[in-house]
Amino acid sequence: MRHDVRFIILGGVAERMLGSPRTTDDFDICPATGRANLTRLAAMLDDVEARWSPVGLEKTGYLPVDPWNARSFAAHTSLALLTRFGKFDIWLRPDGTDGYDDLIEKAIELEVDGLTVKVVHLDDSIRIKRAIGGAKYLGQLPLLRDLQRQRRARGLDG
(Lines give C-alpha, C1' and ligand atoms only; values in the text may rest on other atoms or scores of the structure.)
Protein backbone atom coordinates (compact mmCIF):
# COMPACT_ATOMS: atom_id res chain seq x y z
CA MET A 1 0.00 0.00 0.00
CA ARG A 2 1.32 3.35 -1.01
CA HIS A 3 0.92 5.21 2.28
CA ASP A 4 1.09 2.20 4.62
CA VAL A 5 -1.62 3.60 6.92
CA ARG A 6 -2.60 1.21 9.72
CA PHE A 7 -6.40 1.09 10.08
CA ILE A 8 -9.39 -1.14 10.69
CA ILE A 9 -12.37 -1.13 8.32
CA LEU A 10 -15.67 -0.40 10.12
CA GLY A 11 -19.34 0.03 9.34
CA GLY A 12 -21.28 -1.24 6.36
CA VAL A 13 -18.23 -2.10 4.25
CA ALA A 14 -16.81 -4.25 7.07
CA GLU A 15 -20.16 -5.93 7.58
CA ARG A 16 -20.47 -6.58 3.85
CA MET A 17 -16.98 -8.11 3.78
CA LEU A 18 -18.09 -10.47 6.56
CA GLY A 19 -21.21 -11.58 4.67
CA SER A 20 -23.92 -9.03 5.44
CA PRO A 21 -26.37 -8.14 2.67
CA ARG A 22 -26.53 -4.53 3.93
CA THR A 23 -25.19 -1.89 1.56
CA THR A 24 -23.67 1.47 2.34
CA ASP A 25 -22.58 4.61 0.53
CA ASP A 26 -19.47 5.41 2.56
CA PHE A 27 -16.21 3.88 3.73
CA ASP A 28 -15.44 3.99 7.47
CA ILE A 29 -12.08 3.38 9.12
CA CYS A 30 -10.50 3.56 12.55
CA PRO A 31 -6.80 4.44 12.18
CA ALA A 32 -3.97 3.86 14.63
CA THR A 33 -3.39 7.23 16.29
CA GLY A 34 0.39 7.34 16.57
CA ARG A 35 1.88 10.50 15.07
CA ALA A 36 3.68 8.68 12.24
CA ASN A 37 0.50 6.86 11.20
CA LEU A 38 -1.57 10.06 11.31
CA THR A 39 1.07 11.76 9.16
CA ARG A 40 0.73 8.95 6.59
CA LEU A 41 -3.08 9.23 6.81
CA ALA A 42 -2.84 12.99 6.23
CA ALA A 43 -0.74 12.39 3.09
CA MET A 44 -3.30 9.89 1.83
CA LEU A 45 -6.12 12.40 2.46
CA ASP A 46 -4.27 14.99 0.41
CA ASP A 47 -3.84 12.48 -2.42
CA VAL A 48 -7.58 11.69 -2.55
CA GLU A 49 -8.51 15.37 -2.23
CA ALA A 50 -10.38 14.84 1.05
CA ARG A 51 -12.55 17.72 2.22
CA TRP A 52 -14.89 18.25 5.17
CA SER A 53 -18.42 16.99 4.61
CA PRO A 54 -20.71 18.92 6.95
CA VAL A 55 -24.28 17.65 7.23
CA GLY A 56 -26.34 18.89 4.30
CA LEU A 57 -23.33 19.95 2.23
CA GLU A 58 -23.06 16.66 0.31
CA LYS A 59 -25.39 17.91 -2.44
CA THR A 60 -23.96 21.39 -2.82
CA GLY A 61 -20.22 20.86 -2.66
CA TYR A 62 -17.59 20.56 0.01
CA LEU A 63 -15.40 22.76 2.10
CA PRO A 64 -11.74 23.09 1.13
CA VAL A 65 -9.09 22.47 3.76
CA ASP A 66 -5.45 23.33 4.10
CA PRO A 67 -3.13 20.42 3.42
CA TRP A 68 -3.74 17.67 5.96
CA ASN A 69 -1.18 16.95 8.68
CA ALA A 70 -1.02 14.89 11.89
CA ARG A 71 -2.39 17.85 13.88
CA SER A 72 -5.54 17.91 11.69
CA PHE A 73 -7.03 15.12 13.82
CA ALA A 74 -6.26 16.51 17.29
CA ALA A 75 -9.65 18.00 18.14
CA HIS A 76 -11.81 15.21 16.68
CA THR A 77 -13.11 11.78 17.59
CA SER A 78 -14.54 11.40 14.07
CA LEU A 79 -14.40 13.14 10.70
CA ALA A 80 -16.95 13.00 7.87
CA LEU A 81 -15.16 13.66 4.59
CA LEU A 82 -15.75 13.67 0.86
CA THR A 83 -13.00 12.47 -1.46
CA ARG A 84 -12.75 12.15 -5.22
CA PHE A 85 -13.83 8.51 -4.64
CA GLY A 86 -16.83 9.25 -2.41
CA LYS A 87 -17.74 9.53 1.26
CA PHE A 88 -15.03 8.64 3.76
CA ASP A 89 -15.49 8.62 7.53
CA ILE A 90 -12.62 8.44 9.99
CA TRP A 91 -13.39 7.28 13.53
CA LEU A 92 -10.46 7.96 15.83
CA ARG A 93 -12.39 6.58 18.78
CA PRO A 94 -15.64 4.89 17.75
CA ASP A 95 -18.40 5.10 20.35
CA GLY A 96 -18.11 2.45 23.04
CA THR A 97 -14.42 1.77 22.30
CA ASP A 98 -10.96 3.04 23.09
CA GLY A 99 -10.11 3.26 19.39
CA TYR A 100 -7.66 1.32 17.25
CA ASP A 101 -5.70 -0.33 20.08
CA ASP A 102 -8.96 -1.70 21.50
CA LEU A 103 -10.41 -2.87 18.16
CA ILE A 104 -7.24 -4.40 16.72
CA GLU A 105 -7.27 -7.11 19.41
CA LYS A 106 -10.18 -8.95 17.75
CA ALA A 107 -9.98 -7.56 14.20
CA ILE A 108 -10.34 -10.10 11.41
CA GLU A 109 -7.75 -10.29 8.62
CA LEU A 110 -9.14 -10.66 5.12
CA GLU A 111 -7.49 -10.59 1.73
CA VAL A 112 -8.82 -8.22 -0.94
CA ASP A 113 -7.15 -8.17 -4.35
CA GLY A 114 -3.86 -9.38 -2.88
CA LEU A 115 -3.90 -6.94 0.05
CA THR A 116 -4.41 -8.02 3.64
CA VAL A 117 -6.87 -5.75 5.45
CA LYS A 118 -8.17 -5.63 9.02
CA VAL A 119 -11.93 -5.67 9.51
CA VAL A 120 -13.74 -4.93 12.76
CA HIS A 121 -14.95 -8.05 14.57
CA LEU A 122 -18.74 -8.41 14.65
CA ASP A 123 -18.68 -8.36 18.48
CA ASP A 124 -17.07 -4.94 18.30
CA SER A 125 -19.36 -3.72 15.52
CA ILE A 126 -22.33 -4.63 17.72
CA ARG A 127 -20.71 -2.88 20.69
CA ILE A 128 -20.22 0.30 18.63
CA LYS A 129 -23.79 0.35 17.33
CA ARG A 130 -25.19 -0.20 20.83
CA ALA A 131 -23.11 2.71 22.12
CA ILE A 132 -24.24 5.01 19.30
CA GLY A 133 -27.87 4.07 19.90
CA GLY A 134 -30.74 5.46 17.88
CA ALA A 135 -33.17 3.65 15.63
CA LYS A 136 -30.82 3.43 12.64
CA TYR A 137 -28.02 1.63 14.47
CA LEU A 138 -30.09 -0.37 16.93
CA GLY A 139 -32.21 -1.56 14.00
CA GLN A 140 -29.09 -3.13 12.44
CA LEU A 141 -28.36 -5.31 15.48
CA PRO A 142 -30.67 -8.26 14.62
CA LEU A 143 -29.00 -8.64 11.21
CA LEU A 144 -25.54 -8.46 12.78
CA ARG A 145 -26.43 -11.04 15.44
CA ASP A 146 -27.79 -13.40 12.73
CA LEU A 147 -24.60 -12.94 10.72
CA GLN A 148 -22.55 -13.61 13.84
CA ARG A 149 -24.44 -16.90 14.47
CA GLN A 150 -24.02 -17.95 10.81
CA ARG A 151 -20.28 -17.27 10.85
CA ARG A 152 -19.80 -19.14 14.12
CA ALA A 153 -21.83 -22.10 12.80
CA ARG A 154 -19.43 -22.24 9.81
CA GLY A 155 -16.42 -22.08 12.14
CA LEU A 156 -15.53 -18.52 11.17
CA ASP A 157 -14.48 -15.95 13.71
CA GLY A 158 -16.82 -13.04 13.45
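The values are calculated or read from the model by the stated rules, or taken from the named source; none is laboratory data. Note that this is a predicted model, so its numbers are computed, not measured. We place every Cβ from the backbone using ideal geometry, glycine too, and count neighbours over all the protein chains shown. Just the protein is used for accessible areas: all its heavy atoms, side chains included, with ligands, DNA and RNA removed. Shrake-Rupley method; radii C 1.70, N 1.55, O 1.52, S 1.80 Å.
For Phe7, the residues 5 or more places off, or on other chains, whose built amide H falls under 5 Å of its own are Ala32. Going by alpha carbons, how many degrees (0 to 90, nearest 10) lie between the helix axis of 122-132 and the longest principal axis of the chain? The answer is roughly 60 degrees.
What longest range of the chain stays clear of loop-exposed GluC sites (Glu not before Pro) (DSSP non-H/G/I/E/B, at most 16 other C-beta within 10 angstrom)?
On the way: sites that count: Glu49, Glu58, Glu105.
Result for the longest clean stretch: 106-158.
Quick one: in the chain, what % of C-alpha pairs are over 26 Å apart? Intermediate values should be presented prior to the final figure.
Details: 3309 of 12403 pairs.
That fraction is 27 percent.
Accessible surface of Asp101, taken over heavy atoms with a 1.4 Å probe and every protein chain present, rounds to 110 Å².
Full extension of the chain between Thr33 and Arg16 gives 3.6 nm of extra length, using 0.36 nm per residue less the Cα-Cα distance. Under a model in which nothing but the beta-carbon of Lys, Arg (+1) and Asp, Glu (-1) is charged, the chain shows a dipole of about 380 debye around its Cα centre.
The simple spin-label model puts a point 7 Å past each Cα toward its Cβ; for Arg84 and Asp123 those points are separated by 4.1 nm. Between the residues Gly86, Gly114, Ala153, the greatest Cα displacement towards the positive end of the dipole of the chain, with unit charges on the Cβ of Lys, Arg, Asp and Glu, is found for Ala153. Full extension of the chain between Asp98 and Arg2 gives 31.9 nm of extra length, using 0.36 nm per residue less the Cα-Cα distance. Remark: the range 66-106 carries a charge dipole of roughly 260 debye about the Cα centre, counting +1 on each Lys and Arg Cβ and -1 on each Asp and Glu Cβ.
Angle of helix 35-47 to the longest C-alpha principal axis of the chain, folded into 0 to 90 degrees and rounded to 10: 70°. Of the accessible area of the chain, computed with a 1.4 Å probe over protein heavy atoms only, carbon and sulfur atoms account for 51 percent. Accessible surface for the chain, divided over its residues, is 56 Å² per residue with a 1.4 Å probe. The DSSP beta bridges internal to the chain are antiparallel in roughly 80% of cases. Annotation: for a label point projected 7 angstrom from Cα along Cα→Cβ of Arg151, residues of the range 1-17 with backbone N closer than 13 Å are 9-17. Using the Cβ-Cβ distance between Ala43 and Ala75 with R0 = 25 Å, the FRET efficiency computed as 1/(1 + (r/R0)^6) comes to roughly 0.80.
The long axis of helix 141-153 is offset from the longest Cα principal axis of the chain by roughly 60 degrees.
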